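See below for the structure under consideration.
Values in this text are rule-based calculations from the coordinates and carry no lab data. Computed from a prediction, not measured in an experiment: that's the story for all the values here. Cβ placement follows ideal geometry from the backbone for every residue including glycine, while neighbour counts extend to all protein chains displayed.
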Amino acid sequence: MDEIMALKNAPVEELQKRYKELYGEDVSGTHKTYLWRKIAYKLQEQKHGSLSPMAKGKIKALIEEYDPINNKALRPDKPMVSQQAPAKDKRLPIPGTVITKEYKGSPYQVKVLEKGFEYNGKIYKTLSAIAKEITGAHWNGYLFFNL
């Protein structure tokens, strides 16, 4: 324990040297806390022994069940992204409906499609894009068309 605490304030070069002695390889990192923790673990492991196979198995089981980062690698059969189609925005009328808007005295018509909108023979992904086409300024499409 004293050796571990003495190394806590040691310079990086000394920690790198001690790391090489313990692990038998050079370390490229210079993060003092990382090096100190790795050395402390190895010293404790030498003094008290390694984890039992049962403890290692329990750790692996816990990682498989609860670790969200490793779940992707350990459980490729479970999709990380929902396969459901995104819900249709409730503000929109059903596909086939024609939305009408009068802007600066001129009427405008937009047809609602399954995926997108049709205006002047062109398909747009959003109502905001159509509002910008009509006004030349950025608008929230739902506000512009009073939906």
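Data overview
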read-out	value
Value in Å of the Kirkwood radius, where segment 98-144 supplies the Cα pairs that are averaged	10.6
Distance (nanometres) between label positions extended 7 Å along Cα→Cβ at Glu64 and Leu143	5.3
Lys42-Lys122 pseudo-label distance in nm [points 7 Å out on the Cα-to-Cβ vector]	6.4
Using θ = phi - 60° and Karplus 6.51 cos²θ - 1.76 cosθ + 1.60, couplings along segment 134-144 (whole Hz; Gly, Pro as x)	6, 9, x, 10, 6, 10, 6, x, 5, 5, 4
Listed values [x] 15.6; [y] 21.9; [z] 17.1, entry calculated as Kirkwood radius over Cα pairs in Å	[y]
Longest segment of the chain lacking GluC sites (Glu not before Pro) that sit in a DSSP loop with at most 15 other Cβ atoms within 10 Å	26-113
Calculated P(r) tail over 17 Å for segment 2-74, as whole % of Cα pairs	56
Amide proton proximity set for Leu113, modelled H, under 5 Å, gap of 5+	Gly96, Glu118
Stretch gain in nm, segment Ala10-Lys115, where the contour uses 0.36 nm per residue and the Cα spacing is subtracted	31.6 nm
Helical mean residue ellipticity (222 nm; -39500 (n - 2.57) per DSSP H run of 4+; nearest 500) of the chain	-14000 deg cm²/dmol
